[in-house]
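Q: One structure coming up, written as structure tokens, with questions to follow.
The values are calculated or read from the model by the stated rules, or taken from the named source; none is laboratory data. Nothing here was measured: the structure is a model prediction, and the numbers come from that model. A quick note on method: Cβ atoms are made from the backbone with ideal geometry, for glycine too, and the neighbour counts reach across all protein chains shown.
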Amino acid sequence: MDIIAKMRDVSLDELHPNERLKVESHYLYGTLEESLADRATGAVNEADTQLTKFHGFYQQDDRDVRDDRRHRKLEPLYSFMVRLRLPGGRVSPEQWLTLDDNARRYANGTLRITTRQTFQYHGVFKENLRGHLQALDKSMMDTIAACGDVNRNVICSANPHRSPVHRQVYDLAHEISTRLLPRTRAYHEIFLGEERVAGGSQETDDEVEPLYTRHYLPRKFKVALAIPPENDVDVFAHDVGFIADVQAGELKGFNVCIGGGMGMTHGETATFPRLSDIVGYCTPDRVAAVSEAIMLVQRDNGNRHDRKQARLKYTVEALGVEGFRERVEEYLGESLAPALELPLTHNGDRLGWYQGEDGFWHYGLFVQNGRLADVDGGPQLMTGMREIAQAHDGDIVLTTNQNLIITQVPEVRCEIIDELLDRYRMTVEATPLRRHAMACVAFPTCGLAMAESERYLPSLIDRLDAIMHDAGLDDDAIIVRMTGCPNGCARPYLAEIGFVGKTLGRYNLYLGGGFAGERLNKLYRENIDEATILKELTPLIQRYADEREAGEAFGDFVVRAGVIAPTLAGREFHAR
Ligand code: SRM
Ligand code: SF4
């Protein structure tokens, strides 16, 4: 049924309050103009805090100083996290220089590479928002739909310059992003100062938002494209995944996957991470249309009462995989072809120098937890990358594991890049364990954090490195991921060892994820501190060193050895 017709039968009062907010915002304008003009507070009004997300930024406050400011009767130290839309994660050196300049001019001087292949700024004050977005716009970048109940940044296997197939898949990520972009002019008019062309509340869905309507989606929606055998994007973790079928260097098509997602709530077993199901196959020219059809099925069938049940993964659970696929085929007007066997062997990034098919060189730079900053007496990643962008003609590409790639370097210029990497101490000595680790942002900016993550994982890795060393595993990789709460922003339920924050200094420990991102992990110990984490993991890592079979990954070992039961379906995630 057409969504508007469906919504006419249901009063907005019966739905989650965010549904009214979207409808009454008149295509995301809300009262943002007034909120931005109000200099009496660093915040925007409450309804507008939801709307800013659709435009790519989030109101936050510095949690390190929250209590102190409360005692001093000051309002929280409000600022905004600003996230870019950057399908496939590629920027030119000129764009890098804008990104760098904006970080210093409008934000806290750092850039954060996210797990969805884009940048976040932290600490952007309200009065700096317009200047920041306008400077991005001048460099052909935007933040539209980077957050909110819309299609988010589309991610794909990193580096379009690695091979012609990588380039084609990157182009498809752009095509999906463009096709599923909200059409409202609110961003351009409110933040970029473009002239208002039509009459807001009088406009119709067909004129303004033919795909989203004034209801937008029930919840966020995410698409990823992977090129086997690599699963760097964790293709099964997203609402929609496409796995490329490459034969003799030619892109033939994609397996289509639906229903992935990571987020859950502690203690609520009706919420769970879920890996997507492979439901069929399509040719490259149908990828954007298939993405749109899946999004529309979710738009019209997703739960708009309970936001904790509103992601596509729960719609798939409610309709059944077959039921969902049939609806997609109806919207699409054609059937999906049968899926193929397309094995994925590992996730993680290619780091260091490697050569592309066209002979150019690419350097994968490990960036601990994605944070680019100048550290006193330590790595100068902001300055170093600025110098590289000034000295280099090729693109810089982000990965979904929070790293970056300096691409298209002619052989004769590799030495210059090496010299800059050294001069600014950008290449830290890191074990395979550290290189595969990821942490979400958490404190001090994330309002949902229950425990530290980005600021804590590096020191925990120091201790885990020592255990790996004692077990003779210096050269081995185990995928470790940490998040400060169960929302799953660093995709921790796919890790071989996952830590999920419970409260300050305490984490749930999950074990048994697959090395290729093909199996969820399971809860092993609950609410434990660092001493207990180390006590639990030391004998397990030693056992792994002693008893593993040739080539066996840690996640597979703990399952085979009976340490933890495998999670074979998301809905069984909480079963012991
Ligand atoms: Fe996330 C909310 C950071 C990737 C699942 N995420 C948040 C917010 C905006 C907190 C909030 O709502 O107030 C975090 C901002 C922290 C800060 O201070 O910067 C935040 N998420 C991030 C990033 C920056 C983590 C990182 O360290 O890189 C990632 C930005 C991605 C991007 O560029 O678009 C990020 N978030 C993810 C992922 C991973 C992915 O998409 O591959 C997930 C799990 C996959 C999924 O969506 O299921 C994820 N974030 C969530 C959720 C739980 C959603 C759910 O279905 O339950 C929330 C909370 C929510 O939406 O209510 C959330
Ligand atoms: Fe914040 Fe939780 Fe996401 Fe970490 S996982 S960034 S703590 S919402």
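Q: Select from segment 217-273 the residues that are among the aliphatic types (A, V, I, L, M), within 16 Å of ligand 2 (Cβ to nearest atom) and in contact with a Lys or Arg (Cβ under 6 Å, 6 or more places away or on another chain) and list them in ascending order.
A: Residues satisfying the conditions are Ala237, Met262.
Q: Residues that are modelled with pLDDT of 95 or more: which helices (runs of 4 or more DSSP H) entirely in segment 146-263 hold 2 or more of them?
A: Numbers: elements: 164-179, 186-190, 205-208.
Here the list reads 164-179, 186-190.
Q: Would you pick out the residues in segment 521-536 that are away from ligand 2 (no atom under 16 Å from the Cβ) and either buried (at least 22 other Cβ atoms within 10 Å of the Cβ) or farther than 22 Å from Thr567 by Cβ (or both)?
A: Hits for segment 521-536 are Lys522, Asp529, Glu530, Ala531, Thr532, Leu534, Lys535.
Q: Pull up segment 140-161, narrow it to residues that are surrounded by fewer than 24 Cβ atoms within 10 Å (Cβ to Cβ) and more than 16 Å from ligand 1 (Cβ to nearest atom), then point me to the one that is farthest from His346 (Cα to Cα).
A: Looking at residues that are surrounded by fewer than 24 Cβ atoms within 10 Å (Cβ to Cβ) and more than 16 Å from ligand 1 (Cβ to nearest atom), I get Met140.
Q: Another question, if that's okay. Any chance segment 108-116 includes a residue that's crowded, with 16+ Cβ neighbours inside 10 Å, part of a helix (DSSP H, G or I) and touching a His at 6+ places or on another chain (Cβ under 6 Å)?
A: No; the residues of segment 108-116 include none that is crowded, with 16+ Cβ neighbours inside 10 Å, part of a helix (DSSP H, G or I) and touching a His at 6+ places or on another chain (Cβ under 6 Å).
Q: Further question on the same structure: Among (1) over 24 Å from Asp285 (Cα atoms); (2) surrounded by 22 or more Cβ atoms within 10 Å (Cβ to Cβ), where does Ile176 come up short?
A: Looking at each condition in turn, Ile176 falls short on (1).
Q: Among (1) at pLDDT 95 or above; (2) aliphatic (A, V, I, L, M); (3) closer than 21 Å to Met262 by Cβ, there is one condition Ala545 misses while meeting the rest; what is its number?
A: (3)
Q: Any residue that is hydrophobic (A, V, I, L, M, F, W, C), in contact with a Ser or Thr (Cβ under 7 Å, 6 or more places away or on another chain) and over 30 Å from Arg543 (Cβ atoms) - is there at least one of those in segment 423-431?
A: no
Q: Considering segment 318-350 alone, what residues qualify as being under 22 Å from Gln168 (Cα atoms) and aliphatic (A, V, I, L, M)?
A: Start the filter on segment 318-350 by keeping residues that are under 22 Å from Gln168 (Cα atoms), which leaves 336-337, 339-350.
Answer for segment 318-350, where residues must be under 22 Å from Gln168 (Cα atoms) and aliphatic (A, V, I, L, M): Leu336, Ala337, Ala339, Leu340, Leu342, Leu344.
Q: Oh, and also: Can you tell me which residue is nearest to ligand 2 (Cβ to nearest atom) among those in segment 452-495 that are of a type in the set (Gly, Ala, Ser) and assigned to a helix (DSSP H, G or I)?
A: Kept after step one, since they are of a type in the set (Gly, Ala, Ser), are these residues of segment 452-495: 453, 459, 466, 471-472, 477, 484, 488, 490, 495.
Narrowing the set further to residues that are assigned to a helix (DSSP H, G or I) leaves 459, 466.
Working: Ser459: 17, Ala466: 26 Å.
This residue is Ser459.
Q: Can you tell me how many residues in segment 28-47 are crowded, with 17+ Cβ neighbours inside 10 Å and either in contact with a Ser or Thr (Cβ under 8 Å, 6 or more places away or on another chain) or not in a helix (DSSP H, G or I) (or both)?
A: Restricting attention to segment 28-47, the residues satisfying the condition of being crowded, with 17+ Cβ neighbours inside 10 Å are 28-30, 32, 35-36, 42-44, 47.
Filter once more, so that each one left must be either in contact with a Ser or Thr (Cβ under 8 Å, 6 or more places away or on another chain) or not in a helix (DSSP H, G or I) (or both): 28-30, 32, 42-44, 47.
The number of residues fulfilling the criteria is 8.
Q: Also, I was wondering about something else. Thr204: more than 30 Å from Cys282 (Cβ to Cβ) and within 16 Å of ligand 2 (Cβ to nearest atom), yes or no? Show your work before the answer.
A: Working: more than 30 Å from Cys282 (Cβ to Cβ): yes; within 16 Å of ligand 2 (Cβ to nearest atom): no.
So Thr204 fails the test.
Q: Going through segment 454-476 one residue at a time, which ones are in contact with a strand residue (DSSP E or B) (Cβ under 9 Å, 6 or more places away or on another chain) and more than 8 Å from ligand 1 (Cβ to nearest atom)?
A: Arg455, Tyr456, Leu457, Pro458, Leu460, Ile461, Leu464
Q: Let me ask something else about it. Which of the residues spanning segment 519-535 are closer than 19 Å to Arg463 by Cα, among the basic types (Lys, Arg) and part of a strand (DSSP E or B)?
A: Arg525
Q: Give the residues of segment 44-62 that are of a type in the set (Gly, Ala, Ser) and within 21 Å of the chain's Cα centre (by Cα), sorted by residue number. If you could, list the steps in order and put the result at the bottom.
A: So the first thing to find is which residues in segment 44-62 are of a type in the set (Gly, Ala, Ser), and the list is 47, 56.
Passing the criteria: only Gly56.
Q: Considering (1) polar (S, T, N, Q); (2) more than 30 Å from Asn159 (Cβ to Cβ); (3) touching a Lys or Arg at 6+ places or on another chain (Cβ under 8 Å), say which one Thr110 fails and leave the rest.
A: Of the numbered conditions (1) polar (S, T, N, Q); (2) more than 30 Å from Asn159 (Cβ to Cβ); (3) touching a Lys or Arg at 6+ places or on another chain (Cβ under 8 Å), the odd one out for Thr110 is (2).
Q: Related question: Suppose we filter Asp64, Asp101, Asp68 for residues that are assigned to a loop (DSSP other than H, G, I, E, B) and acidic (Asp, Glu); which single one remains?
A: Working: Asp101 fails: assigned to a loop (DSSP other than H, G, I, E, B); Asp68 fails: assigned to a loop (DSSP other than H, G, I, E, B).
When all the criteria are applied, what remains is Asp64.
Q: Quick one: which of Arg311, Arg304, Arg327, Arg274 is over 19 Å from Ala224 (Cβ atoms) and either touching a residue at least 60 places away in the same chain (Cβ under 8 Å) or small (Gly, Ala, Ser) (or both)? Even if it seems obvious, please write down each step before you answer.
A: Numbers: Arg311 fails: over 19 Å from Ala224 (Cβ atoms); Arg327 fails: either touching a residue at least 60 places away in the same chain (Cβ under 8 Å) or small (Gly, Ala, Ser) (or both); Arg274 fails: over 19 Å from Ala224 (Cβ atoms).
Selected residue: Arg304, the only one of Arg311, Arg304, Arg327, Arg274 that is over 19 Å from Ala224 (Cβ atoms) and either touching a residue at least 60 places away in the same chain (Cβ under 8 Å) or small (Gly, Ala, Ser) (or both).
Q: Can you tell me how many residues in segment 60-104 are more than 16 Å from ligand 2 (Cβ to nearest atom), within 30 Å of Pro160 (Cα to Cα) and of a type in the set (Lys, Arg)?
A: Matching residues across segment 60-104 total 3.
Q: Quick check on segment 244-262: of everything there that is away from ligand 1 (no atom under 16 Å from the Cβ) and β-branched (Val, Ile, Thr), which residue is farthest from Gln298 (Cα to Cα)? Even if it seems obvious, please write down each step before you answer.
A: Of segment 244-262, the ones away from ligand 1 (no atom under 16 Å from the Cβ) are 244-256.
When the remaining residues are screened for being β-branched (Val, Ile, Thr), the result is 246, 256.
Details: Val246: 29, Val256: 15 Å.
Per the criteria, the residue is Val246.
Q: Report whether or not Phe191 is within 22 Å of Phe324 (Cα to Cα), away from ligand 2 (no atom under 16 Å from the Cβ) and touching a helix residue (DSSP H, G or I) at 6+ places or on another chain (Cβ under 9 Å). Lay out the reasoning, then the answer.
A: Values: within 22 Å of Phe324 (Cα to Cα): no; away from ligand 2 (no atom under 16 Å from the Cβ): yes; touching a helix residue (DSSP H, G or I) at 6+ places or on another chain (Cβ under 9 Å): yes.
No; evaluated as a whole, the condition is false for this residue.
Q: Another one. Can you go through Asp9, Asp48, Asp13 and tell me which one is out of contact with any strand residue (DSSP E or B) (no Cβ under 8 Å at 6 or more places or on another chain), closer than 19 Å to Phe191 by Cα and of a type in the set (D, E, K, R)?
A: Working: Asp9 fails: closer than 19 Å to Phe191 by Cα; Asp13 fails: closer than 19 Å to Phe191 by Cα.
So the residue among Asp9, Asp48, Asp13 that is out of contact with any strand residue (DSSP E or B) (no Cβ under 8 Å at 6 or more places or on another chain), closer than 19 Å to Phe191 by Cα and of a type in the set (D, E, K, R) is Asp48.
Q: So the check is Cβ under 9 Å with 6+ separation or different chains; which pairs have a first residue in segment 491-507 that's more than 20 Å from Asp556 (Cα to Cα) and among the β-branched types (Val, Ile, Thr) and a second one that's at pLDDT 95 or above and assigned to a helix (DSSP H, G or I)?
A: As it stands, the answer is Val500/Pro492; Val500/Tyr493, since those pairs meet every condition given.
Q: Assess whether Arg543 counts as being of a type in the set (D, E, K, R) and either within 16 Å of ligand 1 (Cβ to nearest atom) or assigned to a strand (DSSP E or B) (or both). Lay out the reasoning, then the answer.
A: On the way: of a type in the set (D, E, K, R): yes; either within 16 Å of ligand 1 (Cβ to nearest atom) or assigned to a strand (DSSP E or B) (or both): no.
Against the criterion (of a type in the set (D, E, K, R) and either within 16 Å of ligand 1 (Cβ to nearest atom) or assigned to a strand (DSSP E or B) (or both)), Arg543 does not qualify.
Q: Follow-up. Leu509 - would you say it is more than 21 Å from Glu268 (Cβ to Cβ), of a type in the set (A, V, I, L, M) and not in a loop (DSSP other than H, G, I, E, B)?
A: Numbers: more than 21 Å from Glu268 (Cβ to Cβ): no; of a type in the set (A, V, I, L, M): yes; not in a loop (DSSP other than H, G, I, E, B): yes.
Spelling it out, it is not the case that Leu509 is more than 21 Å from Glu268 (Cβ to Cβ), of a type in the set (A, V, I, L, M) and not in a loop (DSSP other than H, G, I, E, B).
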